[in-house]
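Please read the structure below before turning to the comments.
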Amino acid sequence: MNSHLDIKTEPVAALDVYRQRRERVLAALRAAGGGVAIVPTAPEVLRNRDADYPYRHDSYFYYLTGFTEPEATLVLDASAASGEPASVLFCRAKNVERETWEGFRFGPDAARDAFGVDAAFTVDEIDTQLPRILAGKPALHYALGSSPALDENVRRWLDSVRALGRSGVVAPSAAHDLLPLLDDMRLIKDAHELDIMRRAGKISAQAHRRAMSACHPGVHEYELEAELLYTFRKHGAQAPAYGSIVAAGANACVLHYPAGNAVAAEGDLILIDAACELDGYASDITRTFPASGRFTPPQRELYDIVLAAQQAAIDATRAGATFDAPHQAALRVLSQGLLDTGILDAQKFASVDDVISQRAYSPFYMHRTGHWLGMDVHDCGDYRDRGPDAQPDEQGALPWRTLKPGMTLTIEPGLYIRPAPGVPEQYWNIGIRIEDDAIVTETGCELITRDVPVEADAIEALMQHAQHA
């Protein structure tokens, strides 16, 4: 069974952060006419027989509460009368016998005080309390269609309210998707979030340094993964932010390759895409380095192209630029590199613009240069502007979102050269990706994962020092 012995309570200052977030949601709902918002946490998931997967809370729920126990739901009543609770938490009851097996539970009374909600009940009371809260309210706000179980619960609660219709009780007459409001809130990180993300970045960078130092020809991919996981936990991170990618040689050309049994050979590159989750926030780092500690000339040539593409994307990441600007900047450098190396036949293209317009780069670079980062490694938030003033282009596409200070994203160009006719053989089976995490600022961006080297010379120096230590 899951253990919940790792009791986490927030300091008072952090609790104020969660209160302020709930107040922002309540204010937005009041401005929209009021109603009740329902935000459940994630369910526990059975792994096999009577053993669950390690529990991980729902990000939206945690964003508004800081509460990490399962079987919990937050209710925000934007139409609450004066003196009535506007924030209500439903959670597991205190149960000494279950705590003997599973660890500490707050219970409603302690949870109300510890997490700063107005009222708290046991989760067993939700079917009684929710219809009472919903009765007479104009609208219901929740993640529409996100969970069949939640949809069924909402239907049951509404049916309970409608059953009182002869008494003059009315149910909410409208249902609205709550997620766009929460997505826009989560897209701009506050100081509390940025502090955690910086610390997560440092831990993940330290893990990459350890893996580089432990690497040598003959090492298994899973051995390097073990170095990463050890460092995450040693420095206080609760878990990996995603399944670690540790890919030796040709495996690096598989974008989501999981760490496996392959043995790093002399002359192989190792691509590691791995990072930790700390206090609910993800980091995301990729480094590519030679198993032997020295890049071969073809490897170094492609590595320097990818690094230059990343620098171009970094230079394009700033407030006022579009989300697409870093990708386009990286794409130009990568496309020019493909022409310069002969991986693309320069005689077939009049310019880099032709390479890009024809998407000739796509067999070697098939993903975008970044994504939002936050509580989820691919964090919430639209990439295109869906505001009322956004005008679609001739193809019907909405404009890309404009970057603002406090947004956080990855910058991760790459090249993946599989054997193919016309591709120079010296580049075959080379996969390279370089990824860092960035906080958008007024004048540029702050890279929070550069405690692990990124320049080829610096990587070689670290590995050579480790091999001779």
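All of the numbers you see were taken from the coordinates with simple rules; none came from a lab. In this text, all values refer to a predicted model and were calculated from it rather than measured experimentally. Methodologically, a virtual Cβ is constructed for each residue, glycine included, from the backbone with ideal geometry; neighbour enumeration extends over all protein chains shown.
Below, the figures for the structure above:
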{"quantity": "Sorted by Cβ neighbour density within 10 Å, fewest at the top, the residues Lys189, Lys202", "calculated": "Lys202, Lys189"}
{"quantity": "Interchain or long-range residues, amide H under 5 Å from Thr322's placed H", "calculated": "Leu403"}
{"quantity": "Rounded tilt (10° steps) of 324-341 against the dominant C-alpha axis of the chain", "calculated": "20"}
{"quantity": "Qualifying lysines (Cα of each under 29 Å from Cα of Lys189; at least 8 residues distant if same chain)", "calculated": "Lys8, Lys202, Lys234, Lys404"}
{"quantity": "Rg/Rg_ref, the chain, where Rg_ref = 2.2 N^0.38 Å and atoms are Cα", "calculated": "1.11"}
{"quantity": "In order through the range 97-103: 3J(HN,Hα) via Karplus (6.51 cos²θ - 1.76 cosθ + 1.60), integer Hz, x for Gly, Pro", "calculated": "5, 5, 5, 4, 8, 10, x"}
{"quantity": "With Cα atoms, 0 to 90° folded angle of helix 191-214 axis to the chain main axis", "calculated": "40"}
{"quantity": "Hz values of 3J(HN,Hα) by residue in the range 256-261 - Karplus curve (6.51, -1.76, 1.60), Gly and Pro given as x", "calculated": "10, 5, x, 3, x, 9"}
{"quantity": "Under the Karplus curve 6.51 cos²θ - 1.76 cosθ + 1.60, θ = phi - 60°, whole-Hz ³J(HN,Hα) for the range 69-76, x wherever Gly or Pro sits", "calculated": "6, x, 6, 9, 9, 9, 10, 10"}
{"quantity": "Hydrodynamic radius by Kirkwood, which averages 1/r over all alpha carbon pairs of the range 140-279, in angstrom", "calculated": "18.9"}
